[in-house]
Amino acid sequence: MDYLNGLVVHKSLLRAEMKTRRVAMAQASPLAGDMLAEIAADMLDSNQTWPDKDAIIAGYWPIQSEINPFPLLQIFEERGYAVALPCLVGEGDGFTMIFRRFSLGDELVDGPYGIQQPDETADEILPDVVLVPLLAFDAQGWRLGYGGGYYDRTLARLNTHKAIRTYGVAFSGQQLAEIPFEVHDQTLDGIFTDKGVIEARPTV
């Protein structure tokens, strides 16, 4: 087995393990989303480095055992930030992820994979900060996703338009010593966890 195939197999096995672990974490901490919101409020109130109030913060619709980011989005919206949600547009294997403006309480529509998203009448926008779900992360900012590559392709595309910041949303127990990565994988600037905000420390 060559290196690339071995890496793909390793990531696949790691995904299966981390899905099981995350389910247990979600069951043990059902209020993790509220804990993240309190942490974010303290961070913003203490004037730590964060984008200006004209920044657009993109969240996500939680599925499976992902932490609900809506309490976090509410904190940003209450502080005057615009918020957005991702939308998958297209058909079959040709889905593209875009972002549409969203306010808490807006009605959403059914999208692919059971994801709720703003309808096509909502304005498409380019976010400044993207909050992303994940299965695992490490201190260097590498993220283990589901393997579809939607976020990696989207983040790479967004960065051709403007510099964006990307933060994972995770239980602290999802941190691993090292995440295997490939050349197309995109790193995180930090991670919102139930025990605080971790700023990534790239090794290069």
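The values are calculated or read from the model by the stated rules, or taken from the named source; none is laboratory data. A quick note: this is a predicted structure, and the numbers were derived from the prediction, not measured. Don't worry about glycine lacking a Cβ; one is built from the backbone with ideal geometry, like all the others, and counts go over all protein chains shown. Please note that ligands, DNA and RNA were not included when accessible areas were found on the heavy atoms of the full protein model with its side chains. Shrake-Rupley method; radii C 1.70, N 1.55, O 1.52, S 1.80 Å.
Here is a yes/no grid of residues against (1) more than 15 Å from the chain's Cα centre (by Cα); (2) part of a helix (DSSP H, G or I); (3) of a type in the set (D, E):
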{"position": "F99", "(1), (2), (3)": "no, no, no"}
{"position": "E120", "(1), (2), (3)": "yes, no, yes"}
{"position": "T160", "(1), (2), (3)": "yes, no, no"}
{"position": "V169", "(1), (2), (3)": "no, no, no"}
{"position": "I179", "(1), (2), (3)": "yes, no, no"}
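Does Y167 meet the test of being closer than 21 Å to V89 by Cα and surrounded by 13 or more Cβ atoms within 10 Å (Cβ to Cβ)?
Spelling it out, it is not the case that Y167 is closer than 21 Å to V89 by Cα and surrounded by 13 or more Cβ atoms within 10 Å (Cβ to Cβ).
So, in region 52-97, of the ones that are small (G, A, S), in a loop (DSSP other than H, G, I, E, B) and in contact (Cβ under 8 Å) with a residue 12 or more places away in the chain, which residue ends up nearest to A28 (Cα to Cα)?
S65
Right, D138: open to solvent by less than 20 Å² (accessible area, probe 1.4 Å), acidic (D, E) and touching a strand residue (DSSP E or B) at 6+ places or on another chain (Cβ under 7 Å) or not?
It is true that D138 is open to solvent by less than 20 Å² (accessible area, probe 1.4 Å), acidic (D, E) and touching a strand residue (DSSP E or B) at 6+ places or on another chain (Cβ under 7 Å).
Filter region 28-69 for residues that are surrounded by 19 or more Cβ atoms within 10 Å (Cβ to Cβ) and either closer than 20 Å to L126 by Cα or aromatic (F, W, Y) (or both) and give the result.
Of everything in region 28-69, those that are surrounded by 19 or more Cβ atoms within 10 Å (Cβ to Cβ) and either closer than 20 Å to L126 by Cα or aromatic (F, W, Y) (or both) turn out to be I56, I57, A58, G59, Y60, W61, P69.
So, in region 98-124, of the ones that are among the aliphatic types (A, V, I, L, M) and modelled with pLDDT of 95 or more, which residue ends up nearest to T154 (Cα to Cα)?
Only one residue fits best here, namely I98.
Considering region 77-97 alone, what residues qualify as being within 18 Å of the chain's Cα centre (by Cα) and open to solvent by 50 Å² or more (accessible area, probe 1.4 Å)?
Passing the criteria: E77, T96.
What number goes with the only condition from (1) touching a strand residue (DSSP E or B) at 6+ places or on another chain (Cβ under 9 Å); (2) among the hydroxyl-bearing types (S, T, Y); (3) outside any helix (DSSP H, G or I); (4) under 18 Å from K19 (Cβ atoms) that Y151 does not pass?
So the condition that Y151 fails would be (3).
When only residues in region 101-118 that are of a type in the set (D, E, K, R) and part of a loop (DSSP other than H, G, I, E, B) count, which is least open to solvent (accessible area, probe 1.4 Å)?
Within region 101-118, the match that is least open to solvent (accessible area, probe 1.4 Å) is D106.
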